[in-house]
1. Mind checking which residues of the stretch 262-274 are part of a helix (DSSP H, G or I), open to solvent by 30 Å² or more (accessible area, probe 1.4 Å) and of a type outside the set (D, E, K, R)?
2. Consider residue 243 carefully, then state whether it is of a type outside the set (D, E, K, R) and surrounded by fewer than 18 Cβ atoms within 10 Å (Cβ to Cβ).
3. Any idea which of 180, 107, 145, 141 is surrounded by fewer than 22 Cβ atoms within 10 Å (Cβ to Cβ) and either modelled with pLDDT of 85 or more or in contact with a helix residue (DSSP H, G or I) (Cβ under 9 Å, 6 or more places away or on another chain) (or both)?
4. Could you tell me whether the stretch 290-299 includes any residue that is open to solvent by 30 Å² or more (accessible area, probe 1.4 Å), in contact with a helix residue (DSSP H, G or I) (Cβ under 9 Å, 6 or more places away or on another chain) and touching a residue at least 60 places away in the same chain (Cβ under 8 Å)?
5. Can you confirm whether residue 201 is open to solvent by less than 20 Å² (accessible area, probe 1.4 Å), of a type in the set (Asp, Glu) and within 25 Å of residue 394 (Cβ to Cβ)?
6. Identify all residues within the stretch 22-41 that are touching a helix residue (DSSP H, G or I) at 6+ places or on another chain (Cβ under 6 Å), at pLDDT below 80 and within 16 Å of residue 381 (Cα to Cα); write none if there are none.
7. Of all residues in the stretch 333-349, count the ones that are of a type in the set (A, V, I, L, M) and open to solvent by less than 10 Å² (accessible area, probe 1.4 Å).
8. State all residues of the stretch 1-30 that are surrounded by fewer than 24 Cβ atoms within 10 Å (Cβ to Cβ), among the small types (Gly, Ala, Ser) and over 21 Å from residue 147 (Cβ atoms); if no residue qualifies, say none.
Amino acid sequence: MMFGFSLAYFLVILDTTVLTIALPDLRASLGGSLAGQQWAVNAYTVAFAAALLTGGAVADRYGAARIFKAGVAAFGVISLLSAAAPHLGVLIALRALLGLAGALCTGGSLGLLPQLFPDPAARARATGLWAAITGTALAAGPLLGGLLVDLSGWRAVFLLNPPIALISLLAMRRVRSPRGHRLIDWRVQALACAFLGLVAEALIDASTVAGILAAVALAAVVLAERRSKAPALPGGLLAATWPELLAGTVANFAFAGALFVLTLLLQDTRHLAPLAAGLAFLPLTLPMTVNPLLTGRLVARYGPRPPILGGLALLAAGLTGVALTDVAAPWLVVMGFGLSFVLPALMAGMINSAPPGTAGTAGGVLNAFRQVGATLGVAVMGVVSHPLPTAAVLTALTCACYGLAARRARTAAPPAATGPTRVS
């Protein structure tokens, strides 16, 4: 069961990056502007981020196993349709539907964790494995994308998904879970989707109108949350976990944005083939594949804060090195180690910082913020003049901010509140 469970999550996370390397081939095939290409990537991450909380609520209401299987099946079918998309507008719409299906998969997965792993120690190891799968899938996207595009063009990227989805469904076919009684405030979730979409549109197209509408949508979300009988965010969660949410958002902002910029540089400026461009990201891939095992041990021994701080510092250094030198490979290694320290430790940091009884929701919120960061990274770094230095400065500032918040939290904590959370 763990195989099918992990395979579906790998598939969902993989699709956040696998299309990036195919953008030049996609442009040659379907045409479209730079903004259209960005939306081909962002439609998935915007819909995924906006629907993550809804996916968790739906899983709690209708049964985690049922929602998980529905999400995986929809992911496979929509991927087939995406491979046959006749023009860019259709592909963007299908990518948004893929994001919704991915949110159902993730929400169902979060709901299944306590059922599949009732023992706390086993559940902690599974959570650590989840973090490792995230890093591996994010890093594998460019390499797999480059290989598939070189073999059969951008459509092959989507043909990878259906067989993986089928294998996951077969592995999980005997898993069942009961229905729940959680209420869902659809108005809040719809407003959140509108807000995220408008923010992305404002950044990609520099649209003042979209920016104003985004501000209106945000105000509507806040008002709806205050009046809701089933709020999406439990009271006090954001106040308690904002350092981890900030770190997760910026880490994904830097990673997704740098990946977008470097892909265009390698293929449009240096004229590398898709597979060669994917191989150029191997120095980034390898640390994210193997280092989460070490990160889990560090978190178990020292808590999540040191790996998060060290990872953010390494990420900022790597971005700076890539921006200032012509030899990118060593600095991509540094970036890979930074991300592989940050991402696995963040979930433990969220659980440690979340108010009692909100650990499960905290994981969903972290995933949502990370996807928002990825969306904003592609949007912002596609239009600013110096994208990599901008990401490096932002990451360094986040590292300093997180360090100050962690120090304040240690000072304010009572003496009895000790002991890290084991995640691997």
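The values are calculated or read from the model by the stated rules, or taken from the named source; none is laboratory data. Remember, it's a predicted structure, so these values are computed and weren't measured experimentally. When we count neighbours, we look across all protein chains shown, and the Cβ atoms used for this are built from the backbone with ideal geometry, even at glycine. Ligands, DNA and RNA are stripped out before the accessible areas are found, and what is left, the full protein with its side chains, is counted by its heavy atoms. Shrake-Rupley method; radii C 1.70, N 1.55, O 1.52, S 1.80 Å.
1. Of everything in the stretch 262-274, those that are part of a helix (DSSP H, G or I), open to solvent by 30 Å² or more (accessible area, probe 1.4 Å) and of a type outside the set (D, E, K, R) turn out to be 264, 265, 269.
2. Here the answer is no, as residue 243 does not meet what is asked.
3. Matching residue, one of 180, 107, 145, 141: 180.
4. yes
5. So residue 201 fails the test.
6. The answer is 35, 38.
7. Number of matching residues: 6.
8. Within the stretch 1-30, 4, 6 meet the criteria.
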